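Taking it in order: structure first as structure tokens, then the write-up.
Taken together, the values in this text are just the output of simple stated rules run on the coordinates, not laboratory data. Please read all numbers here as calculations on a predicted model, not as lab measurements. Cβ coordinates were reconstructed from backbone atoms using ideal geometry, including for glycine residues, and neighbour counts include every protein chain displayed.
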Amino acid sequence: MYSQGLIGADSSTTESEEFLAAFQARIDREEKIEPNDPMPEGYRRTLVRQIGQHAHSEIVGMLPEGNWITRAPSLRRKIALLAKVQDEGGHGLYLYSAAETLGVSREQMTEELLSGKAKYSSIFNYPTPTWADIGAIGWLVDGAAIMNQIPLCRCSFGPYARAMIRVCKEESFHQRQGYEIMMTLARGSEEQKQMAQEALNRWWWPSLMMFGPHDSDSTHGDQSMKWKIKRFSNDELRQKFITATVPQAEYLGLTVPDPDLKWNEETKLYDHGEIDWAEFKAVVSGNGQMNRDRIRDRNKAWDDGAWVREAALVHAQKRADKQHIAREAAE
Amino acid sequence: MTDKHDLTPLWEVFIRPRNGLHHRHVGSLHASDSALALQAARDVYTRRGEGNSIWVCRSADIAASDPSFAEANFEPADDKIYRHPTFYDIPDEVGHM
């Protein structure tokens, strides 16, 4: 579950005009680029950064929901949430592998996440105070992620596109389990309905921010579109998301917390109110409610697992040495 | 932490969806040895009935053709149309062949 205009990539590149034109021609013919193919440095750098941020988002995204596994209200909800969080871990691994084909190591990416250098989707820096937040995340956050990820299945870089196909296949269960939670609450007692409404209030605007800055303020959108890493602009995807989601909120009998939201008969889209970009910038730059907790928790998980990684490597080495000795003895 | 010596090796994962089909490359993962690689492949790549058999091999053990020789390697096959059955004229009367 991830969706964000890429944060701070440098797509500048220094290859000859001829090289860039030949590369662009391949892209324009809809040829997929594979890891060992010649590619502009800017293309490689943009992808390492985007796929890395995407992978980190999947991994950090396990935390807000992991918070509720032990407290899920029934066994059915608990196994579903466990399966969803497992999926997010798997998505992170597919994506790290895709980034590694571009020459960056897993260890390097992990270090960048743990040191706070690497970015991940701003949405995971919001807390999940109630069970309804788990419903809202599945419905809205995964819903926004699907909008972004479906076009990424056609991304020009082969390993990224293939990873996204796997991710998208798995993602639709996530959104449905979230919506089902919201539906149950919305049809429950007054307090439960209220809980669902408050969760929608908390997650609506941050979900819209997931698509990244407005096209007019997005610095690297054009180059990414030209290289067909992206297929739609931030605003186009945001509009698609709003148009798909508002009727779903109406079905639940909940109110989208935007007084300016209005159906536009001409464009056949919803016009929406102003997004608080100051909040977005604050969260991206590390000052969201949960940024410090998320990085602290990831560091703890990494440090607590250190002995397992060390033991596994030493064990593998010991067995390899033994086999080696046995082979020499047999010769 | 990132001494070359300490890096956990990368493995390529192949899964056979069901008997009668080839194992097919599905992705890669890190593991210290083949037993853990198989375990991780089972956990990561077969969560929804994707297959009944897994192969793993060290990525470092794969030799790959050089993409800059793709033309030299593969284009000569394009003009050898006589390798295809449609190159040969057989009258319809002969029936299916």
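Counting Cβ atoms of other protein chains within 10 Å of each Cβ in B:25-36 and taking the mean gives 5. Candidate cross-link partners of A:LYS169 among the lysines, defined by an alpha-carbon separation under 27 Å and a same-chain spacing of 8 or more, comprise A:LYS32, A:LYS78, A:LYS84, A:LYS119, A:LYS226, A:LYS228, A:LYS230, A:LYS240. In order along the range B:77-89, the phi-based Karplus estimate (6.51 cos²θ - 1.76 cosθ + 1.60, θ = phi - 60°) of 3J(HN,Hα) comes to 5, 4, 9, 9, 5, 5, 7, 10, x, 5, 5, 9, 8 Hz; Gly and Pro are listed as x. Across the protein assembly as shown, counting alpha-carbon atoms alone, Rg and Dmax equal 24.7, 83 Å. Label positions at A:ASP271 and A:GLU17, each projected 7 Å from the Cα along the C-beta direction, are separated by 4.5 nm. Report, in deg cm²/dmol and to the nearest 500, the calculated mean residue ellipticity at 222 nm for chain A, where each DSSP H run with n ≥ 4 adds -39500 (n - 2.57) and the sum is divided by the residue count. For chain A, the value works out to -20500 deg cm²/dmol. Each principal axis of the range B:2-97 carries a Cα extent, and these read 67, 36, 16 Å when sorted largest first. On the beta carbon distance between A:LEU75 and A:ILE165, with R0 = 45 Å, the FRET formula returns roughly 0.90. Taking 8 Å as the Cα distance limit and 6 or more residues as the minimum spacing, I'd like the relative contact order of chain A as a percentage. Worked out over chain A, it gives 21 percent. For the range A:80-126, the alpha-carbon coordinates run over 35, 24, 13 Å along the three principal axes, in decreasing order. The residues packed around B:ALA72, meaning those with a beta-carbon under 13 Å from its beta-carbon, carry a net charge of -4 if Lys and Arg are +1 and Asp and Glu are -1. Between B:ARG42 and A:GLN108, the simple spin-label model (points 7 angstrom out along Cα→Cβ) gives 3.4 nm. Each Lys and Arg contributes +1 and each Asp and Glu -1, all at the Cβ; summed about the Cα centre of chain A, the dipole is approximately 1060 debye. Positive contributions from Lys and Arg (+1) and negative ones from Asp and Glu (-1), summed over other residues with Cβ under 13 Å from the Cβ of A:GLU236, come out at +2.
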